[in-house]
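Below: the structure, in structure tokens.
The values are calculated or read from the model by the stated rules, or taken from the named source; none is laboratory data. These numbers were taken from a predicted model, which means no experiment stands behind them. Note: ideal-geometry Cβ built from the backbone for every residue, glycine included; neighbour counts use all protein chains shown. Areas reflect the complete protein model, heavy atoms only, side chains present, ligands, DNA and RNA absent. Shrake-Rupley method; radii C 1.70, N 1.55, O 1.52, S 1.80 Å.
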Amino acid sequence: MDHPPFQLHLEPETPIELGVMLRCLGAIGHQFEVFATAEGLTSAKDAKLLVSSVKPGSIDIGLLPDLSTLGTLVAPVMVYSAPVLKFATALKGLIDKFKKKPEPVGITIKDCSDVANIVAPSAQSGGTQTIHIYNAPVYQPVVHVTQEDAKIIQANALEMKALLEAEALEVVQRTPMILYGMDADAARTAGARSPDKAIIEEIDPKHRPVFFEDEFAGLKSEMLAGHDNPYKRIYFVDVKVSRVAGRVVSYRIIGFHGSEEIPDEEDD
């Protein structure tokens, strides 16, 4: 493809270590996976961002979505323009959060790792890196990072990662959970908000958003299968408890051990 829709442009002052460059591209690819899944374009396992070209000198790496990840869209303009612009904008929003110490709400440990890896080429090898999207007949910059920017962003991302990892150690096993709201759509594994909410009185009397670890996304359908009214059941789950400033903000389901009907008051 002469003009790949998404381009990573680097102007390093010194050669970039191969591992650093590969981790940068891998992090962009993972963020595309998260984006494509959240937008309903495809499943996580099918979301692919492909390297279409690499040019020498200042480094230009052309990237494009695998056509099969975009469902039934067929016309090239329809396939690339809107999704790529939206993805690039979302990536800019994530990177910009780390230009100063961010609030941890809506940021995952993997987001922190990805951002640190994306800016690593400039942080380590100097120069600048820019993410462009192709808007015929020219490329337009969406993200521009200098070495100074990259070092600040990377430091903030790694600091936030350490904080989130410490908080993620709180795991409660086989705790009873009652649903407060459960959307019929697929389990939410990423993002800042979830339509699914539940009460785990053992942890917090208030209802909180519920997410699912990537590898446990199928638990949602398993939990809801075969029950006419899931709101009249108690679910026994393993959860990671997410807190901000000591306050519970969400639960992440990592295990399911069955359910039973909520007993009537006269049965207590």
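Some observations on this one:
- Every residue from segment 76-97 that is modelled with pLDDT of 75 or more and farther than 19 Å from residue 8 by Cα: 97
- Qualifying residue in segment 142-159 (condition: touching a residue at least 40 places away in the same chain (Cβ under 8 Å), part of a loop (DSSP other than H, G, I, E, B) and out of contact with any His (no Cβ under 7 Å at 6 or more places or on another chain)): no
- Contact map, segment 94-123: residues that are on the phi > 0 side of the Ramachandran plot paired with residues that are surrounded by fewer than 23 Cβ atoms within 10 Å (Cβ to Cβ) and at pLDDT below 95, Cβ distance under 6 Å, separation 6+ or inter-chain. Pairs shown: 106/192.
- Checking each residue in segment 7-23 for being assigned to a loop (DSSP other than H, G, I, E, B) and β-branched (Val, Ile, Thr) picks out 14, 16.
- Residue among 101, 110 that is part of a loop (DSSP other than H, G, I, E, B), over 17 Å from residue 58 (Cα atoms) and open to solvent by 30 Å² or more (accessible area, probe 1.4 Å): 101
- Exclusive hit being basic (Lys, Arg), within 30 Å of residue 33 (Cα to Cα), touching a Ser or Thr at 6+ places or on another chain (Cβ under 8 Å) and modelled with pLDDT of 80 or more, set 233, 208: 208
- Single residue of segment 243-253 satisfying the filter (over 22 Å from residue 37 (Cα atoms) and under 21 Å from the mean Cα position of the chain (by Cα)) that is least open to solvent (accessible area, probe 1.4 Å): 248
- Candidates in segment 116-141 are the residues that are in a loop (DSSP other than H, G, I, E, B) and of a type in the set (A, V, I, L, M, F, W, C); of these, the one that is modelled with the highest pLDDT is 119.
- Unique match (being at pLDDT below 85, within 18 Å of residue 145 (Cβ to Cβ) and more than 14 Å from the chain's Cα centre (by Cα)) among 63, 41, 73: 63
- Qualifying residue in segment 96-118 (condition: more than 24 Å from residue 18 (Cβ to Cβ) and over 21 Å from the mean Cα position of the chain (by Cα)): no
- Residue in segment 1-38 that is nearest to residue 115 (Cα to Cα), counting only those that are polar (S, T, N, Q) and modelled with pLDDT of 90 or more: 31
- Tallying residues that are at negative phi and either of a type in the set (Lys, Arg) or outside any strand (DSSP E or B) (or both) within segment 236-264 yields 7.
- One residue stands out among those in segment 191-227 that are open to solvent by 80 Å² or more (accessible area, probe 1.4 Å) and of a type in the set (D, E, K, R): the one that is nearest to residue 262 (Cα to Cα), which is 201.
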